[in-house]
Amino acid sequence: MADLVRCIDPVPRGLEMDFLRISSYVGTQSSGNNTMAMQPRLPVKGRHVLVVEDIVDTGRTLKALISHLEQQGAASVKIVTLLNKQARRVMEIQADYVGFQCPDDFVVGYGLDFEHKYRSLPYIGILQPRCYQLD
């Protein structure tokens, strides 16, 4: 997020940032059930909202979030994602701004985690299946 914010130049008047936390993952698989652990505090009614995503894969969570923001009265909703994992998409959704295309592998680092591990890696890497498969 900090890298993205530093690139916004010039900074639009009235720019405000808020955070929310929503997830559908259990281990390396999407459960299909979204859990919003942290709600946004700023109202979105009548505002243009830019959702900053780390990775878009199935699109289920993002579709639910967009619907929620539209129900709250957002004037518009745009999506920016660091990683786009198109191969796993099950919902018809496209990010407006994409950093990188991502292979159909489980990736960690640079904020992405597996069971709260690897998030602080200064790069994005593929987590090898031997790290999460029980044989």
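The values are calculated or read from the model by the stated rules, or taken from the named source; none is laboratory data. Source: prediction; values computed, not measured. Every residue, glycine among them, receives a Cβ derived from its backbone with ideal geometry; neighbour counts consider all protein chains shown. Calculation scope for accessible area: heavy atoms of the full protein, side chains included, ligands and nucleic acids excluded. Shrake-Rupley method; radii C 1.70, N 1.55, O 1.52, S 1.80 Å.
The set of residues from region 70-93 being in contact with a strand residue (DSSP E or B) (Cβ under 9 Å, 6 or more places away or on another chain) and among the charged types (D, E, K, R) comprises GLU70, LYS78, LYS85, ARG88, ARG89.
Restricting to region 107-135, name every residue that is over 25 Å from LEU50 (Cα atoms), of a type outside the set (A, V, I, L, M), without any contact (Cβ under 8 Å) to a residue 24 or more places away in the chain and not in a strand (DSSP E or B).
Once the filter is applied, which keeps residues that are over 25 Å from LEU50 (Cα atoms), of a type outside the set (A, V, I, L, M), without any contact (Cβ under 8 Å) to a residue 24 or more places away in the chain and not in a strand (DSSP E or B), region 107-135 yields HIS116, TYR118, GLN128, PRO129, ARG130, CYS131, GLN133, ASP135.
Here is a check on your reading of the model: is PHE114 touching a helix residue (DSSP H, G or I) at 6+ places or on another chain (Cβ under 8 Å) and either aromatic (Phe, Trp, Tyr) or exposed (fewer than 15 other Cβ atoms within 10 Å of the Cβ) (or both)? It would help to see each step written out before you state the result.
Details: touching a helix residue (DSSP H, G or I) at 6+ places or on another chain (Cβ under 8 Å): yes; either aromatic (Phe, Trp, Tyr) or exposed (fewer than 15 other Cβ atoms within 10 Å of the Cβ) (or both): yes.
Yes; evaluated as a whole, the condition is true for this residue.
Reported count of residues in region 81-99, each being surrounded by 11 or more Cβ atoms within 10 Å (Cβ to Cβ) and either of a type in the set (A, V, I, L, M, F, W, C) or over 14 Å from the mean Cα position of the chain (by Cα) (or both), is 9.
Conditions (1) modelled with pLDDT under 95; (2) surrounded by 12 or more Cβ atoms within 10 Å (Cβ to Cβ); (3) more than 30 Å from GLY14 (Cα to Cα), marked per residue:
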| position | (1), (2), (3) |
| --- | --- |
| ILE55 | yes, yes, no |
| GLY59 | yes, yes, no |
| LEU65 | yes, yes, no |
| ILE79 | no, yes, no |
| PHE106 | yes, yes, yes |
| LEU121 | no, yes, yes |
| GLN128 | yes, no, yes |
| TYR132 | yes, yes, yes |
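Which condition number does ARG47 fail, the rest of (1) among the basic types (Lys, Arg); (2) closer than 19 Å to LEU4 by Cα; (3) surrounded by 16 or more Cβ atoms within 10 Å (Cβ to Cβ) being met? Failed condition: (2).
Does region 11-34 contain at least one residue that is under 15 Å from ASP96 (Cβ atoms), open to solvent by 30 Å² or more (accessible area, probe 1.4 Å) and at pLDDT 85 or above? For region 11-34, residues under 15 Å from ASP96 (Cβ atoms), open to solvent by 30 Å² or more (accessible area, probe 1.4 Å) and at pLDDT 85 or above: absent.
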